[in-house]
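Notes follow once the structure below has been shown.
The values are calculated or read from the model by the stated rules, or taken from the named source; none is laboratory data. Model, not experiment: these values are computed from the prediction. Cβ sites come from the backbone with ideal geometry, for glycine too, and all protein chains shown count toward neighbours. All accessible areas refer to the heavy atoms of the entire protein, side chains included, with ligands and DNA or RNA removed. Shrake-Rupley method; radii C 1.70, N 1.55, O 1.52, S 1.80 Å.
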Amino acid sequence: MTKSEAEFDLGTELSGGKFSVQPELFKKHFISIGSSGSGKTVLAKAIIEEAAINNIPSIIIDTQGDLAGLFENEDIDSLTEHSIPSVRQEELRKNSLVDIYTPTSSKGIPISVNPLIAPPQKTEYEDAVGIFQNISTSLAGLLDYGDDDKGRNAQTIIYKLLYENWKSGKSIKTIANLKRELAVNKDEKEIKTMLNKLEYLSVGENDLLFSLGEKIDIQKLMNKPNGKSKISVFYLNSINTESQKEFFLSILLNQLYQWMLSHPKKDLQALLYIDEVARFLPSGNLKPISKPILTLLLKQARKYGLGVMLSSQNPGDIDYTAFAQIGSWAIGRLTTKQDLEKIKRALSSTSQDTDQIIKKIPSMKPSQFVFFSPDRNIPVTEFACRWLLTKHRTLTLEDVAKLYPKKIQTEDLDLKSGQTDKHDLKKNDDAKDEDSRDEVPLGHIPHLPLRYTLEQIQKNIGRNRSKKFAIFGDYNDTAHTSIIYMPLLKCIIEHKTKKFLKTQNIVSTIYVDMMNLDLLKITDKIQPAVNIKNVLDLSPTELNLIKIMGSQAFTIEKAVDKTSKTKNSLSKTINGLIKKNLAKYSEIGKNKLYRFTLDITPFKDLMRLSSEELEADMTKLDAKTQREKYKQDAIIQILNKIWPEISNLESEIVYNPVYETIITSKRNKKIVRIGGYDGAEN
């Protein structure tokens, strides 16, 4: 079933019968309004569940902890009691992954912002102006400038710096770069003040906004690892101040806007949901940092296949201009005359029985709504929202911490800089130690299928024990077996290859061992194909020369003929490789014969290194994870160096379950590791 043919099952009509809507309806935006306890958050979660089942990703702004419950399954007994088939819950988990991001905190998945990400050079002028306008307005707001002459002057200074640099083909990528650019004119009083305020951003919790955890990457949120769409919950209660929450949301939405412009789609491709939106889009003259970009998204997102969903307790609290952009409404219980009057105006264009409908709204029960769509020929419908497939409970920050292992909370913190140079590659010098292993989150770690049982492994060890452990002398020993998750980086690579004299786009899957940088070929077995560690120290010039000359012996003259480089340039490159022990030479008469010791032949045919596409298993195992020794971004950097022709690369960490058996005797200790996927001894 295609997205256009699918329907979202949202509940039952009060008059009887199923209530469902087409996904495309949400492309023109949606709002649910109702007093506290009316069930508007439940309705939003039901829509998000339906989107996930239909493989549509969601970005969720959770202001109170009510949406984080999407991480947890509802009890089967509750589903049965409310006539919800358990297979629906199975569909949800099969087709989606839930991540809870906690800015400025490591309780969930820590996430940070880089507010200075510039749009691509090919961006239309009008769009670029809007992006830089929002970046400069957001930064000025975070620096505590108001909506006055000083604030507008500060915003203008930042805007001009960013825009002019971008226009000339440069970019200011970090706050430190911005400070350096401003310092050129620090004699001006206003710039001196601004520099002092920017310094404040590197202190305390302000610094955490920019440094704690990975940077926001919208493409990662939209990727579908193993065909699963992502439900990305941004838990804003981890941020202490309102101004920081507004700033974080503003930058997140600005980057979503940039992504949207470069990824247009006719059908609904993603949802953005903001819970209790009034604080970010207030009525009247209030202008929080988040208001301009949210207004812009509401105006333009539908053209790009991005649906915006909002909720609020009172219609009068939201900027009235936003309502003109909203295509569909769901109204829960409201009691005040002012609120009902505003709803009446919206209803009048879709129903002749407006007065009768308005009379019913104050007495509606929780999770009952009036649904209408002014710009579609859909009759006004009263319905009750279905029971959720996930838990509906409010999660505190401590509750979120219990859902995630120490690995996520602490091990990603050294990704602050986002740099991946060769000096920053080693993540843990003690990564092989048992102390560097962490508990696995409940069923939420993707791993290769466990095809060998513990009984099979123990039987195999027992059968070969006398031979393998003869060094112990006496047979009076003990054995303890546990499962360890060893980290692999799975990369989906799009590249070109020649087939039958035609160039074709091919998608290949490769795996890299994150402990030793072995590039693995996975079929029925896991086999190291080639180690890419030596590529770390190679410059592009050195790597290109090795690719051209291969592993055969050559003279400097032959290298000149093949590369069109000068003799001096080649001699310098080759001598550098000799110092790295990646080349050697022998003298034959007056000539030197060179040969590279690094064999890059396996790199020449990416297809031969491609592994089978394995669907990751999410089954809960009683296991610990081994911390990766080499970072994900660093490995991707190496792959791009080896294969610069790669046009697209998606990656995720998956784990290889390994049985570790520790056998001890009075005098000795031996560790045996056997793969749970292929049964081979490591």
Roughly to the nearest percent, how much of the accessible area of region 41-121 is carbon and sulfur, given a 1.4 Å probe?
-> 46
Sticking with the crude label model, points 7 Å out along Cα→Cβ, report the distance from Ile506 to Lys590 in nm, one decimal please.
-> 4.6
Label point 7 Å beyond Cα of Arg88 along Cβ direction - residues of region 58-77 with amide nitrogen under 20 Å | 58, 67-77
Using a probe of 1.4 angstrom, how much of the accessible area of region 512-576 is carbon and sulfur, in percent?
-> 46
Is the shape of region 1-59 best called rounded, prolate or oblate, per the rule: a/c under 1.5 gives rounded, else a/b larger than b/c gives prolate, else oblate, with a ≥ b ≥ c the square roots of the Cα gyration tensor eigenvalues?
-> oblate
Using a 10 Å cut-off on Cβ atoms, rank the peptides 328-341, 82-95 from the highest mean neighbour count down.
-> 328-341, 82-95
Can you give me the Cα centroid spacing of region 220-241 and region 91-145 in angstrom?
-> 12
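Order 376-388, 628-640, 99-111 from most to least packed using the mean count of other Cβ atoms within 10 Å. Let's see the in-between values first.
Details: 376-388: 17.1, 628-640: 19.9, 99-111: 24.2.
Most protected by this proxy first, the peptides run 99-111, 628-640, 376-388.
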Sorted by average packing, counted as other Cβ atoms within 10 angstrom per residue and highest first, what order do 128-141, 238-251, 278-291, 552-565 take?
-> 128-141, 238-251, 278-291, 552-565
A student applying the Cα gyration tensor rule (rounded when a/c is under 1.5; otherwise prolate if a/b is larger than b/c, oblate if not) would label region 189-345 oblate
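Need one word for region 1-139: rounded, prolate or oblate. Basis is the Cα gyration tensor (sqrt eigenvalues a ≥ b ≥ c); a/c below 1.5 gives rounded, then a/b vs b/c decides. Each step should come with its number before you reach the end.
Details: a/c = 2.09, a/b = 1.66, b/c = 1.26.
The shape class here is prolate.
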Accessible surface, per residue, of region 1-144 when the full set of protein chains is kept, probe 1.4 Å, Å² | 36
Accessible surface, per residue, of region 216-375 when the full set of protein chains is kept, probe 1.4 Å, Å² = 38
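Using a 1.4 Å probe over the heavy atoms of the protein chains, calculate the carbon and sulfur portion of the accessible area of region 245-314 as a whole percent.
On the way: 1070 of 2140 Å².
Looking at region 245-314 in its full context, I get 50 percent from C and S.
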